[in-house]
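The values are calculated or read from the model by the stated rules, or taken from the named source; none is laboratory data. Remember, predicted model here, so these are calculated numbers, not experimental data. When we count neighbours, we look across all protein chains shown, and the Cβ atoms used for this are built from the backbone with ideal geometry, even at glycine.
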Amino acid sequence: MILSIAGLVAAYGHSQVLFGLDLEVGEGELVTLLGRNGMGKTTTIRTLMGLLPARGGRIVFRGQDITGRAPERVARLGIGLVPEGRQVFPTLTVRENLVATAANRAGHAAPWTVERIGELFPRLAERGNQMAGTLSGGEQQMLAIGRALMTNPTLLVLDEATEGLAPLIRTEIWACIARLKAGGQSILIVDKNLAALRRLADRHFLIEKGRTVWSGDGPALDASPEVARRYLGLEG
């Protein structure tokens, strides 16, 4: 496994959110973290990235225990984050946003470059000199993905990949994620679009009140419509 999270516990002050969460991502897999709002998905991502200290459990990435490591150290090890809310640098241009995070610490033979990001997201190529703060929400999400890819991550983590985006933009984002998966990129994704995730994901992890309550592959989820109803509030 490229990522293994076991018994993860996390809290904000005296308010505990994660109560022993388990999650795994294999090499080249696209894995989902699913659950209703407020069940601990973003807290899981924040704890993985070192933005929130773990109070228990272990996070192992590529054989290394990274539990409690600082965010910059986690990023340097090869985990690229596309955060909820995009969080691009608004006063920098599109190109400057991309160049700001550029790194190839793993020594990939064909690393991500500004030009390759432009091929993945042609809108960004057209807006290279435009301030990121003036982009549409969908364009900012493309930029956030591009910025994470410019770190040439071993694992790409997307928190709310298509939240609040127009349908056409969502379709474009999902197509790009499919291309990344086809290229062998390991991906952990949080999103509410179960239909798209079912098409793309290798495995799903469902959480309820900070605990992993179900995990399985796509066919297993398709065969268990009651799982989607109970834990996601959706018809399977």
If the requirement is being out of contact with any Leu (no Cβ under 8 Å at 6 or more places or on another chain) and either in a strand (DSSP E or B) or farther than 15 Å from residue 41 by Cβ (or both), which of these qualifies: 228, 196? 196
Do we find that residue 57 is closer than 25 Å to residue 17 by Cβ, touching a Pro at 6+ places or on another chain (Cβ under 7 Å) and surrounded by 14 or more Cβ atoms within 10 Å (Cβ to Cβ) in this structure? no
Could you identify the single residue in 156, 206, 188, 180 that is out of contact with any helix residue (DSSP H, G or I) (no Cβ under 7 Å at 6 or more places or on another chain), of a type outside the set (Ser, Thr, Tyr) and assigned to a strand (DSSP E or B)? 188
Given the condition touching a residue at least 24 places away in the same chain (Cβ under 8 Å), in a loop (DSSP other than H, G, I, E, B) and surrounded by fewer than 20 Cβ atoms within 10 Å (Cβ to Cβ), answer yes or no: does some residue in the range 69-80 qualify? yes
From 126, 96, 119, 115, grab the single residue that is surrounded by 14 or more Cβ atoms within 10 Å (Cβ to Cβ) and among the charged types (D, E, K, R). 96
Would you mind stating whether residue 10 is of a type in the set (Gly, Ala, Ser), out of contact with any His (no Cβ under 9 Å at 6 or more places or on another chain) and farther than 18 Å from residue 159 by Cα? no
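Per-residue answers, yes or no, for (1) buried (at least 18 other Cβ atoms within 10 Å of the Cβ); (2) among the aliphatic types (A, V, I, L, M); (3) modelled with pLDDT of 95 or more; (4) more than 27 Å from residue 103 (Cβ to Cβ):
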| residue | (1), (2), (3), (4) |
| --- | --- |
| 152 | yes, no, yes, no |
| 167 | no, no, no, yes |
| 181 | yes, no, yes, no |
| 197 | yes, yes, no, yes |
Among the residues of the range 209-220, which ones are in a loop (DSSP other than H, G, I, E, B) and surrounded by fewer than 18 Cβ atoms within 10 Å (Cβ to Cβ)? 209
Per the filter on the range 135-153, residues in a loop (DSSP other than H, G, I, E, B) and in contact with a Gly (Cβ under 7 Å, 6 or more places away or on another chain) are 151, 153
Could you check how many residues of the range 2-16 are surrounded by fewer than 21 Cβ atoms within 10 Å (Cβ to Cβ), touching a strand residue (DSSP E or B) at 6+ places or on another chain (Cβ under 9 Å) and at negative phi? 6
Consider residue 64 against the criteria (1) at pLDDT 95 or above; (2) surrounded by 14 or more Cβ atoms within 10 Å (Cβ to Cβ): it satisfies all of them except one. Which criterion is unmet? (2)
Reported set for the range 17-47 where residues are closer than 14 Å to residue 57 by Cα and part of a strand (DSSP E or B) is 17, 18, 19, 20, 21, 22, 23, 24
From the option list 46, 36, 55, 95, single residue qualifying as touching an Asp or Glu at 6+ places or on another chain (Cβ under 9 Å), of a type in the set (Lys, Arg) and farther than 22 Å from residue 154 by Cβ is 36
